[in-house]
1. What residues of region 76-119 lie in the reach of a label at Thr12, counting those whose backbone N is under 17 Å from a point 7 Å from the Cα along Cα→Cβ?
2. Please report how far the C-alpha centroid of region 45-119 lies from that of region 131-161, rounded to the nearest whole angstrom.
3. If you take the square roots of the eigenvalues of the alpha-carbon gyration tensor of region 110-161 and sort them as a ≥ b ≥ c, do you get rounded (a/c under 1.5), prolate (a/b over b/c) or oblate?
4. Over all alpha-carbon pairs of region 1-96, lay out the pair-distance distribution in 5 Å bins, whole %, shortest bin first.
5. Taking the Cβ-Cβ separation of Trp91 and Asp53 as r and a Förster radius of 22 Å, what is the calculated FRET efficiency to the nearest 0.05?
6. Per residue, how much accessible area does region 21-161 have with a 1.4 Å probe, in Å²?
7. Which of Gln149, Gln114, Gln127 moves most in a GNM of the chain, Cα contacts under 10 Å?
8. Where the accessible area of the chain is counted over protein heavy atoms with a 1.4 Å probe, how much of it, in %, is carbon and sulfur?
Amino acid sequence: MNTKDITQTLTTLFGELVEGPTEEGGYMLNRHDKGMLKSLDKLSAKDASRTHDGGASVAAHVNHLRYGLSLMNRWAAGENPFEDADWAGSWEKIEVSDAEWKQLRDELRGEVRQWLSTIKNPRDVIQIELNGMIGSIAHFAYHFGAIRQIDRKLRGPSATD
């Protein structure tokens, strides 16, 4: 099957999560939300490294998302990175210095841009690949919500409509 018929939907939903909705409104985030990338820029390395009740830090969630998107980008480039994927290792980066936090956000931004570029272009896929593409957006949304629960400074605007 070809993703031609859903390319715009994939791009719209993922783009909204990372950059925020358009002025007309969104499907996943409230109007005037800045999206994940700008939200993370408001957080210090110290706050990104903080854990609560033994849970994962914001930095750990961001590293996990960066890693997951890097696998999707490698898959899109023709590799099969899932056979030896180290999902547990993607959670090991809990604390970050100022420089590491900036680098981690930059790396996430790079993986996001590459994945957004990939899903904008129709491609032939089998069902499991399409499931993975759609799942990557849902996975990103889940962790964005979890991150916003960890630190209230990252919360988006309330609904006004």
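1. 119
2. 15
3. Details: a/c = 2.41, a/b = 2.27, b/c = 1.06.
Cα axes put region 110-161 in the prolate bin.
4. 3, 12, 15, 17, 18, 18, 12, 5, 1, 0
5. Values: r = 16 Å, r/R0 = 0.72.
Here the calculated transfer efficiency is 0.90.
6. On the way: 7830 Å² over 141 residues.
Heavy-atom SASA per residue in region 21-161 reads 56 Å².
7. Result for the chain, Cα springs under 10 Å: Gln127 fluctuates most.
8. 50
The values are calculated or read from the model by the stated rules, or taken from the named source; none is laboratory data. Just so you know, these numbers come straight off a predicted model, no measurement behind them. Every residue, glycine as well, gets a Cβ built from its backbone with ideal geometry; the counts of neighbours run over all protein chains shown. We work out accessible area using only protein heavy atoms, side chains counted, and drop any ligands, DNA or RNA first. Shrake-Rupley method; radii C 1.70, N 1.55, O 1.52, S 1.80 Å.
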